[in-house]
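Here the structure comes first, spelled out in structure tokens, and everything after it is commentary.
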Amino acid sequence: MPGFSNTRRLDIEWGHCDPAGIVFNPRFFEFFDWSTALLVEAALAMPKLAMIDAYGLVGIPLVDTRASFATPCRFGDSVEIVSTVVEVKRTSFAVRHRLLKGETLSVEGHEVRVWAGRDAAHPERLKGKAIPDDVRARLMPAET
């Protein structure tokens, strides 16, 4: 069963594109990064800075990503990005992003993020922390 989902609209701007007016592929990872931040903010009903303070986090760094490109996106396109939590583990969670032009799937992306804080033994390093139960419940609600 999929977990929490968030949808946002995005208008493709010239700055997202290569000289031919097609979105430069690395930009999709930027779109997905931003979409994950909005997904977590919506799931927890708090902005990222409040989340960092509330849970003693450094952030939710990316540790794995990939994408499949089906159709190009061009300058002037209006797209929707549907981001859905697909798995929650002890210290990490996975998100699937579906970028749609109308009903057409243009790009599908996947990310794995770590719930990260400072390593007590080495404060200059990050370390995965157990995802709190209340966060887990919001990201991946139990079936009813």
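Nothing in this text is a laboratory measurement; each read-out follows from the coordinates by a stated rule. A quick note: this is a predicted structure, and the numbers were derived from the prediction, not measured. When we count neighbours, we look across all protein chains shown, and the Cβ atoms used for this are built from the backbone with ideal geometry, even at glycine.
Computed over the chain with a Gaussian network model linking Cα atoms closer than 10 Å, the most mobile of K129, K89, K48 is K89. Between M1 and V58, the modelled label-to-label distance comes to 3.5 nm, taking each label 7 Å out from Cα in the direction of the beta carbon. When the P(r) is computed for the chain, the part past 20 Å accounts for 49% of the Cα-Cα pairs.
Find how many whole Å separate the alpha carbon centroid of the stretch 8-75 from the alpha carbon centroid of the stretch 114-144. Here the answer is 20 Å between Cα centres.
Arranged from fewest to most other beta-carbon atoms within 10 Å of their beta carbon, D77, D133 become D133, D77. A Gaussian network model of the chain, with springs between Cα atoms under 10 Å, assigns the largest mean-square fluctuation among A43, A120, A130 to A120. Calculated mean residue ellipticity at 222 nm for the chain: -7000 deg cm²/dmol, from DSSP H runs with n ≥ 4 weighted as -39500 (n - 2.57), summed, divided by the residue count and rounded to 500. The GluC sites (Glu not before Pro) of the stretch 42-125 meeting both criteria, a DSSP state outside H, G, I, E and B (loop) and at most 10 other C-beta atoms within 10 angstrom of the site's C-beta, are E103, E124. Bridgeable lysines around K89 (alpha carbons under 18 Å apart, same-chain partners fewer than 8 residues away excluded): K127, K129.
If you count, for each residue, the other Cβ atoms within 10 Å and average over each peptide, how do 90-99, 21-30 line up from highest to lowest?
Peptide ranking by packing, descending: 90-99, 21-30.
For the chain, a crude dipole built from +1 on the beta carbon of Lys and Arg and -1 on the beta carbon of Asp and Glu, taken about the Cα centre, is about 320 debye to the nearest 20.
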